[in-house]
Amino acid sequence: MKILLLTRFDRLGASSRVRFLQCLPYLRDRGIDVRTFPLFGDEYVRDLHTLGRRNLFRVTVAYCRRVLRLLQSVRFDAVWLEYELFPWLPAWGEVLLEMLRVPYVVDYDDAIFHKYDLHHNGLVRAALGRKIDHVMRMATVVTVGNDYLAERARKAGAKRVEYFPTAVDLNRYLVVRRTDAPTYRIGWIGSPITARYLDLVRSALIEACRLGDCEVVVIGGGRKVPQGIRVDSRTWTEETEVAEIQRCDVGIMPLPDEPPERGKCGYKLIQYMACALPVIASPVGVNRQIVEHGINGFLASTLPDCIRTWTRLRHDHGLRTRMGQAGRAKVEKEYSIQVTGPRLATLILSLATKAA
């Protein structure tokens, strides 16, 4: 079986790396030949994170290359697609796949549809507001990372919706022995784009640092880190991300309760828990499903909740250990590629069986 995989990014894009690229060994083990072509390369992601803007020349070249890949799709048994073929354009490419009778699986780990239907420009809302619904409806299978995305796919009229949580590789995310160090480290991992969420708990972080010897470890935030806080800013790399998380005592994921955030898949929480860290998260979207309040972490709705839970975990090493172990156990059972990878391979193979 030959699959044409069209991701949004290469390895620097977290969604492409985690939802697609790390799954490939499981597909190849089942005899599935996957040819991978990202829309945007790593240079595009670096520009976006360091310069805060898109390189229009690279975008134009990327779109031209994708047109060529699309024309080659008839040589494959199916297309495996991340989000959409051409961002900010109508679903012409997906319509072409349907006309050519090339089945495609489209995956969502984010509420990408809200970039269009909630856009501040009325023309964008009018032209593209229902685009992703159309993409979902034409797809042979829609795979999603949470219930919010699944509900949207079903309302759009998707033929088949399958749930695949975002997962980590347990062979990379190992549990290390942790001692009760004098400095209490509150960890956060992300990108310069998502670092703005730390501002939601800035005053709570200041208070937590004031109450004791505490620092905030920001992994991948670049220069977009809160001011007035003792911050240990760490550069993100794929090779060092696990070791950086392992240095922390607790992991946090603050989010506003808004439609785009309800579509997120809690990857940060899964990373923390895989390293046996207790977690503290806003009770938004899938966070309510991942975090079992009082068992593997806490759901904190207000700033006083944040301060109280951070302080409690700081002074109770045993509680941190128990919650970390519970989190690790949940990841092993539900959020590991060792569990989801074989399931995904079976799904892809079912497309060939159905076509035959």
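Observations on the model:
- Residue match in region 208-229 (condition: farther than 22 Å from His315 by Cβ, assigned to a strand (DSSP E or B), in contact with a helix residue (DSSP H, G or I) (Cβ under 9 Å, 6 or more places away or on another chain) and modelled with pLDDT of 90 or more): yes
- If you go through region 290-308 and keep only what is out of contact with any Cys (no Cβ under 6 Å at 6 or more places or on another chain), within 23 Å of Glu207 (Cα to Cα) and either open to solvent by 60 Å² or more (accessible area, probe 1.4 Å) or hydrophobic (A, V, I, L, M, F, W, C) (or both), you end up with His293, Phe298, Leu299, Ser301, Thr302, Leu303, Pro304, Cys306, Ile307, Arg308.
- Any hit, region 153-163, residues being buried (at least 22 other Cβ atoms within 10 Å of the Cβ), touching a helix residue (DSSP H, G or I) at 6+ places or on another chain (Cβ under 8 Å) and under 18 Å from Gly285 (Cα atoms): yes
- Failed item, numbered, when His317 is tested on (1) modelled with pLDDT of 95 or more; (2) surrounded by fewer than 24 Cβ atoms within 10 Å (Cβ to Cβ): (1)
- Pairs, first polar (S, T, N, Q) in region 316-333, second modelled with pLDDT under 95 and surrounded by fewer than 18 Cβ atoms within 10 Å (Cβ to Cβ), C-beta under 9 Å, six or more apart: Thr321/Arg178; Gln325/Val175
- Filter result for the condition that a residue is open to solvent by 20 Å² or more (accessible area, probe 1.4 Å), small (Gly, Ala, Ser) and touching a residue at least 12 places away in the same chain (Cβ under 8 Å), over Ala181, Ala208, Ala195: Ala181
- Flag if Gly251 is part of a loop (DSSP other than H, G, I, E, B), surrounded by 22 or more Cβ atoms within 10 Å (Cβ to Cβ) and at negative phi: no
- Selection status of Val201, among the β-branched types (Val, Ile, Thr) and touching a residue at least 60 places away in the same chain (Cβ under 8 Å): yes
- Scan of region 14-43 for residues that are touching a residue at least 60 places away in the same chain (Cβ under 8 Å), of a type in the set (A, V, I, L, M, F, W, C) and closer than 22 Å to Thr346 by Cβ, ordered by number: Val18, Phe20, Cys23, Leu27, Ile32
- Qualifying residue in region 257-264 (condition: at pLDDT 95 or above, within 20 Å of Asp147 (Cβ to Cβ) and among the small types (Gly, Ala, Ser)): yes
- For region 1-109, the helices (runs of 4 or more DSSP H) that sit wholly inside it and include 2 or more residues that are surrounded by 21 or more Cβ atoms within 10 Å (Cβ to Cβ) are 14-19, 92-99.
The values are calculated or read from the model by the stated rules, or taken from the named source; none is laboratory data. Just so it is clear, the structure is predicted and the values come from calculations on it, not from any experiment. Heads up, the Cβs are rebuilt from the backbone with ideal geometry, glycines too, and the neighbour counts pull from every protein chain shown. Please note that ligands, DNA and RNA were not included when accessible areas were found on the heavy atoms of the full protein model with its side chains. Shrake-Rupley method; radii C 1.70, N 1.55, O 1.52, S 1.80 Å.
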